[in-house]
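Right, one structure below, let's go through it.
The values are calculated or read from the model by the stated rules, or taken from the named source; none is laboratory data. Please read these numbers as outputs of a predicted model, since none were measured by experiment. Here Cβ is always computed from backbone atoms with ideal geometry, including for glycine, and neighbour counts include all displayed protein chains.
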Amino acid sequence: MFGNKDKSFENIKDAETIIGPSIKVKGNFHGKGNIIVEGSLEGSIKTDSSLLIGEKAKVKANIKAKESLINGLVEGNINIEKSLSLGKTAIINGDIVCAEISIEKGAKINGAFTMQTSDQEKETKKEVKNLEEKNNSK
Amino acid sequence: MHLYIYDDFLAKNKYNKVINKIETRITDLGLNGKIIRLNNLKNIDKAIQEEIKRGAKTLIIVGNDNTFNKVLKSVLDKEVSYFLKNIFLSFIPVEKTQIGLSLGINNYEEACNILLARRTESIKVATANNSFFLSQATILNVNGNITIDIEDSYQIELEEKSSIHAINMPSYDLAKNIPKKINPKNNYLYIYINNKGQSFIPTKKITIKESDKNFLKLDNSTEIKLPCTLEISNKNINLIVGKNRVFS
């Protein structure tokens, strides 16, 4: 179902929601657990867990998720809190914001990239800034 | 007090042997109780509710899915809502039934032993418009001309001939196919759509809109016209279940 062998997506069977092929979803699709999309979706999609978009999926939506593996077509902006993996069959027409990215050879991207600072990096930067401020005050 | 409720179709001669076997087993196990036969009654709801008011605590439904659904409707009526928390439903199926399989009861012989063991579970009952169902609501082989509204926030359209199930407590047969274990205690209904692939969506409220003369079948018995709104009710029912039936 998903070509990419990213280990973080091995718990695919634990998906709370599966939108199978031959299903068309229209509207604001918001879930709490892992979501798998193999059919069509138009509107928006949001989850605080993982989102997996299958090879034959067609998604015309803005996406917000904690992490995501995309192997299908996405027309819309993608905002991923942690890591985004694009498989070789992924086609993205939209802007991407994420903290980490892996792109397999063959993936097509038409849009802007913004690498967001991860929580850990934010914390480290904050600590460095605090230390600098302390040293300056001395 | 045990109350045995026999459906009217059991009056047919072909069921004599089965009924004799059930009654012999019940006597052997010391589980005798009052018997009411639905074929002799003008008002089924009233007859069952009167027995509950007189102190019937364990209602043993003898029949098929349709029998179970009829009794469920009577028991959940506001007329006996005060007694509901102390009532237990048990099922002796005389044929293969969806509810029997949902409760882990495969046949009438097993059902008598399950009644004796008295392992109980309390689960929420689901509604479809004004009707109740325990296990699942189903539309088989719908031709794609149907839309499903989910919690008023998004809509599902089907592009292929599909079977649609709204599941509260799946039968063993269905549970084997669905991708995730369903807990009928968690206030969610699960939409399971089977066509070229599988779709599985947990939700609190579903509205199935007009289609070409399709009916929604509740617990393999009552048919409901579309459009229809389905959700989990605030009513719990106590059930006597098979030893392998664990809801968690």
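Taking (1) modelled with pLDDT under 95; (2) more than 26 Å from residue A:122 (Cβ to Cβ) in turn, residue A:75 satisfies each apart from (1).
Listed by first and then second residue, the pairs linking a residue in region B:223-248 that is under 14 Å from residue B:127 (Cβ atoms) and of a type in the set (Asp, Glu) to a residue that is exposed (fewer than 15 other Cβ atoms within 10 Å of the Cβ) and modelled with pLDDT of 90 or more, with Cβ atoms under 7 Å apart and 6 or more places separating them unless they lie on different chains, are B:231/B:204; B:231/B:205. Within region B:80-110, the residues that satisfy the criterion of being surrounded by 18 or more Cβ atoms within 10 Å (Cβ to Cβ), among the aliphatic types (A, V, I, L, M) and in contact with a Leu (Cβ under 9 Å, 6 or more places away or on another chain) are B:89, B:92, B:94, B:99, B:101, B:103. Just to be sure, is residue A:80 within 10 Å of the chain's Cα centre (by Cα) and not polar (S, T, N, Q)? Yes; evaluated as a whole, the condition is true for this residue.
In the set (1) at pLDDT 95 or above; (2) crowded, with 18+ Cβ neighbours inside 10 Å; (3) not in a strand (DSSP E or B), residue A:62 fails one condition alone, (3).
When residue B:175 is tested against (1) surrounded by fewer than 19 Cβ atoms within 10 Å (Cβ to Cβ); (2) within 14 Å of another protein chain (Cβ to nearest Cβ); (3) of a type in the set (Gly, Ala, Ser), just one condition goes unmet, and that condition is (2).
Of B:158, B:216, B:189, which residue is crowded, with 21+ Cβ neighbours inside 10 Å, touching a residue at least 60 places away in the same chain (Cβ under 8 Å) and within 14 Å of another protein chain (Cβ to nearest Cβ)? When all the criteria are applied, what remains is B:189. Residue count for region A:43-97 under the criterion of being farther than 12 Å from residue A:107 by Cβ and in contact (Cβ under 8 Å) with a residue 60 or more places away in the chain: the result is 1.
Considering region B:192-205, and only residues there that are closer than 12 Å to residue B:162 by Cα and more than 7 Å from every other protein chain (Cβ to nearest Cβ), the residue that is surrounded by the fewest Cβ atoms within 10 Å (Cβ to Cβ) turns out to be B:194.
Please state which one of B:45, B:65, B:8, B:77 is buried (at least 21 other Cβ atoms within 10 Å of the Cβ) and within 22 Å of the chain's Cα centre (by Cα). Being buried (at least 21 other Cβ atoms within 10 Å of the Cβ) and within 22 Å of the chain's Cα centre (by Cα) holds for just one of B:45, B:65, B:8, B:77, which is B:65. A count restricted to region B:61-103 and to residues that are assigned to a helix (DSSP H, G or I) and not basic (Lys, Arg) stands at 21. Taken over region A:31-51, the criterion of being of a type in the set (A, V, I, L, M, F, W, C) and away from every other protein chain (no Cβ under 13 Å) is satisfied by A:51 alone. Scanning region B:117-167 for residues that are hydroxyl-bearing (Ser, Thr, Tyr), within 30 Å of residue B:92 (Cβ to Cβ) and in a loop (DSSP other than H, G, I, E, B) yields one hit, B:135.
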